[in-house]
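The values are calculated or read from the model by the stated rules, or taken from the named source; none is laboratory data. Everything quoted here is computed from the prediction, not taken from an experiment. Because the Cβ atoms are built from the backbone with ideal geometry, glycine has one as well, and the counts that use them run over all protein chains shown.
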Amino acid sequence: MQIEKSKRNIIFLFIAKAILITSLLIVFWDSGSKEQGLAPFIIYLFIILLLGYTINEIIKAINSYKQQSEQALKDAVSAERIKLIKEFEEKSEEANSTSNDEKNEEIIKSIIPKGAYKNVDSFAKKALSNLAYQMEFIQGVVYLKDKKKDLYNFSSGFALTNKEEIKSFKSGENLGGQTAVSKDISYITDIPEDYFEAESGLGKSRPKNLIFAPVIVDDEVIAIFELSSFKDITDSSKKLIKIVFNELSDKMKLLIQS
């Protein structure tokens, strides 16, 4: 838009000055024909100077127009480049997101136990083993709730070294009991050695991260998974763990009702 306006200004300037020069030439020529002597020479000199000035102004206007055109072209190329880069990044992110979703679906399928199970205990044991293998947990414990005593008892473990020391707990007691109350997954990081031994059923492995995840059926925590890892738990891993335990809750509900 700015370039077209500049182009119109150049044309208008050229026409206006051409008309002006022509008018002055007629006037001075008519005056010079009446008065002999230096008049024609002065007229010619004035016309030459005026023509030189006009040509110089036109050249400056043309150069300005060229510069604006070149800058506009650079801006257009730059804008198109930015647009292409943005589109490429969006497509890459979409492709990565789709790839990650597909990968997560495969992990979830491999964690959720398949086939028929006689009871919740055997199902939970298999789920614990799958979790440890697929998400690289070094140890794990499953506690199942005894509804009559309102107590969470040790059900099964993975890679344990102190099975005999694992004690039952009630809702609200230690980290597992707090999970039963909150009904939410809790992540404990950088665990002090003495605190970990006192509060956790996983004992002397001293991992860097500890996870307590509830299995909820009809708004009741029927099982608690305690998992330990040497690796940091990323945000993407937390999302995956949440999906897994929602799936486990649904599967255990069907198992209880059958």
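Which of the residues that make up the range 203-258 are outside any strand (DSSP E or B) and among the acidic types (Asp, Glu)?
Listed by number, the residues that qualify are Asp218, Asp219, Asp232, Asp235, Glu247, Asp250.
Go through (1) under 22 Å from Ser168 (Cβ atoms); (2) not in a strand (DSSP E or B) and name the single condition Lys114 misses.
Single failed check for Lys114: (1).
Filter the range 205-232 down to the residues that are touching a Phe, Trp or Tyr at 6+ places or on another chain (Cβ under 6 Å) and either polar (S, T, N, Q) or modelled with pLDDT under 90 (or both) and list them by number.
Residues satisfying the conditions are Pro207, Lys208, Ser229.
What are the residues in the range 75-102 that are modelled with pLDDT of 80 or more and surrounded by 11 or more Cβ atoms within 10 Å (Cβ to Cβ), if any?
Within the range 75-102, no residue meets the criteria.
For the range 67-74, check the following and say yes or no: at least one residue is out of contact with any Asp or Glu (no Cβ under 6 Å at 6 or more places or on another chain), modelled with pLDDT under 75 and acidic (Asp, Glu).
Among the residues of the range 67-74, not one is out of contact with any Asp or Glu (no Cβ under 6 Å at 6 or more places or on another chain), modelled with pLDDT under 75 and acidic (Asp, Glu), which makes the answer no.
Quick check on my filter: what residues within the range 114-130 are in contact (Cβ under 8 Å) with a residue 40 or more places away in the chain and touching a helix residue (DSSP H, G or I) at 6+ places or on another chain (Cβ under 8 Å)? Even if it seems obvious, please write down each step before you answer.
Going through the range 114-130, the residues in contact (Cβ under 8 Å) with a residue 40 or more places away in the chain turn out to be 117, 119-120, 123-124, 127-128.
Across the range 114-130, the qualifying residues are Tyr117, Asn119, Val120, Phe123, Ala124, Ala127.
Restricting the search to the range 142-155, which residues are under 19 Å from Asn174 (Cα atoms) and either of a type in the set (D, E, K, R) or touching a helix residue (DSSP H, G or I) at 6+ places or on another chain (Cβ under 8 Å) (or both)? Explain how you work it out, then say what you get.
Of the range 142-155, the ones under 19 Å from Asn174 (Cα atoms) are 142-147, 149-155.
Matches in the range 142-155: Val142, Tyr143, Leu144, Lys145, Asp146, Lys147, Lys149, Asp150, Tyr152, Phe154, Ser155.
Would you confirm whether or not the range 157-178 contains a residue that is among the β-branched types (Val, Ile, Thr), under 41 Å from the mean Cα position of the chain (by Cα) and surrounded by 14 or more Cβ atoms within 10 Å (Cβ to Cβ)?
no
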